[in-house]
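> Below is a structure I'd like to ask you about.
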Amino acid sequence: ERLGRMGDASLSSESMALNFEMAPFFSWWVRHVVLPEQRAGALPDVVPFVRYGGRPADVSWSAALPSVAHAVCDVYGDTETYREAASAIAALVDEVGVEARAGLGKMRTPYGDWCPPPARMGKGQGRKPSPPLTSAFSYALMVQQAAELARAAGNASEGARYASLGREIVSNFHTAFYVGNGTFDTSGTQTANVLGLALGGAPDVGLARRRLLSLLRARRTHYDTGIVGFKFLFDVLDQAQAHDAALAVLSQTDYPSIGYYFANSLEPATANLWELPDAPAEGTGMNSRNHHMWSSYSAYLVKSV
């Protein structure tokens, strides 16, 4: 089952664009794969929609449409992909907005922060933040990206409309998930603070950053995020000028870490990333050894290191 999982594409698109010449493929993929699925109804988790996944998708999965268009625009200066997808992105924002009307804290989240490392290897997925948090974050982010894309394409009024909506969602996000003392959510996860900081406008940025660094120190500078939190962890540390912490996370070679994939004695990787952080201790089902959903950290290395 190696299908077109939208969440993976959403989180990896920037790193792919920075490392490879992806503009032709991404533009083709949006035009000929994603848009036909969107015209058939709400975007599914898997595109083309075969065998697995659901419709509508987890918001962090359907976010691939604006994320890929944003990566193509940001890295290559190509606004044509966005122009072709603009109406589909607008429809997606509207669809997710309808779901969010009941409150960001009630948003449907089938997957959430997928595959955080378990405390003990072989025990499935680790601890996640409150499920709606990742969906609420991805809704806010897709609106922020839509605002940037519209402005880049010369549509100032549409950009202003999205920007205004984005500010409203971010404010509602902080109301729903900020619990005080620099902490987002009650889960105690790194992801909750990472996503709260990544959106901007946190109630106390300095305190929230110190809280994140404290959470990292408690794990001896190892990550406990799933793929959503991992994508934005390094951006947030970069903005905080906490490069020592970011590079320490990436330099670890014991579990859980990217370096563990290559340094472990059980099944050392060569050039590929695993799907599961504890792959040798898990079963033979969802356990690929050639998976790009953790590759997002390379965007930080290219841009900031």
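Here, each number is a calculation from the coordinates, and none is a lab measurement. Every value quoted in this text rests on a predicted model; they were computed, and no experiment measured them. Methodologically, a virtual Cβ is constructed for each residue, glycine included, from the backbone with ideal geometry; neighbour enumeration extends over all protein chains shown.
> So, in nm, how far is label LEU247 from label ARG161 when the simple model puts each one 7 Å beyond its Cα toward the Cβ?
Each label point is offset 7 Å from its Cα along the Cβ direction, giving 4.6 nm.
> Right, another one. Provide the packing ranking of 193-203, 224-234, i.e. peptides ordered by the mean count of other C-beta atoms within 10 Å per residue, highest first.
On the way: 193-203: 21.9, 224-234: 26.9.
Ranked by mean Cβ neighbours within 10 Å, highest first: 224-234, 193-203.
> OK, next. If you stretched the chain out fully between MET286 and GLU21, how much longer would it get, using 0.36 nm times the residue separation minus the C-alpha to C-alpha distance? If you can, show how the numbers build up before the last one.
Working: separation 265, 0.36 × 265 = 95.40 nm, distance 2.91 nm.
Length gained between MET286 and GLU21: 92.5 nm.
> Treating the chain as a set of equal point scatterers at the Cα positions, no solvent, please give the Debye-formula log₁₀ I(q)/I(0) at q = 0.14, 0.15 Å⁻¹.
-1.08, -1.25
> State, as an integer percentage, the relative contact order of the stretch 135-221 based on alpha-carbon contacts under 8 Å between residues 6 or more apart.
Details: 85 pairs, mean separation 20.9, N = 87.
That works out to 24 percent.
> Sticking with this structure for a sec: Which order do the peptides 99-109, 83-93, 282-292, 9-19 come out in when sorted by mean C-beta neighbours inside 10 angstrom, highest first? Please list the in-between numbers first.
Values: 99-109: 16.3, 83-93: 18.0, 282-292: 13.4, 9-19: 23.2.
Packing proxy ranking, top to bottom: 9-19, 83-93, 99-109, 282-292.
> I need the Debye-formula profile for the stretch 99-186: one equal scatterer per C-alpha, no solvent, reported as log10 I(q)/I(0) at q = 0.18, 0.20 1/Å, two decimals.
-0.84, -0.94
> Is there a quick way to get the dipole size of the stretch 1-58? I mean about its Cα centre, with the Cβ of Lys and Arg at +1 and of Asp and Glu at -1; what is the value in debye to the nearest 20? Please report the intermediate quantities before stating the final value.
Details: 6 positive and 7 negative charges, 50 e Å.
Computed charge dipole of the stretch 1-58: roughly 240 debye.
> Okay, moving on. Explain nothing, just the number: dipole magnitude of the chain about its Cα centre with +1 on each Lys and Arg Cβ and -1 on each Asp and Glu Cβ, in debye rounded to the nearest 20. Please report the intermediate quantities before stating the final value.
Values: 26 positive and 29 negative charges, 131 e Å.
The dipole of the chain has a size of about 620 debye.
> Subtracting the Cα-Cα distance from 0.36 nm times the residue separation, let me have the gained length for ARG217 to VAL302 in nm, one decimal.
On the way: separation 85, 0.36 × 85 = 30.60 nm, distance 2.50 nm.
Stretched fully, the ARG217-VAL302 segment lengthens by 28.1 nm.
> Mind checking which of ALA57, PRO129, PHE20 is farthest towards the positive end of the stretch 1-148's charge dipole, using Cβ charges of +1 (Lys, Arg) and -1 (Asp, Glu) about the Cα centre?
Comparing the listed Cα positions along the dipole, PRO129 ranks first.
> Placing unit charges on C-beta atoms (Lys and Arg positive, Asp and Glu negative, everything else neutral), compute the dipole magnitude of the stretch 59-180 about its Cα centre in debye, rounded to 20.
Details: 11 positive and 11 negative charges, 151 e Å.
Here the size comes out at about 720 debye.
> Alpha carbons only, please: Rg and Dmax for the stretch 161-253, in angstrom.
When restricted to the Cα atoms of the stretch 161-253, Rg and Dmax are 13.1, 46 Å.
> List the equivalent ellipsoid semi-axes of the stretch 38-84 in whole Å, largest first, each obtained as the square root of 5λ for an eigenvalue λ of the Cα gyration tensor.
Working: eigenvalues 111, 23, 14 Å².
Calculated on Cα positions only, the semi-axes equal 24, 11, 8 Å.
> Could you work out the relative contact order of the stretch 221-289? I mean the mean sequence separation of Cα pairs under 8 Å and 6+ apart, divided by the number of residues, in percent.
Numbers: 66 pairs, mean separation 14.3, N = 69.
Once normalised by length, the contact order is 21 percent.
> Taking amide H positions as placed 1.01 Å from N in the peptide plane, with prolines and chain starts having none, which residues 5 or more places from PHE184, or on another chain, fall under 5 Å of its amide H?
VAL179, ASN193
> Consider just the alpha-carbon atoms of the stretch 96-140 and return their Rg together with their Dmax, both in angstrom.
12.6, 39
> Bin width 10 Å, origin at 0, all Cα-Cα pairs of the stretch 1-83: what percent of pairs per bin?
Taking all Cα pairs of the stretch 1-83, the binned fractions are 20, 54, 24, 2 percent.
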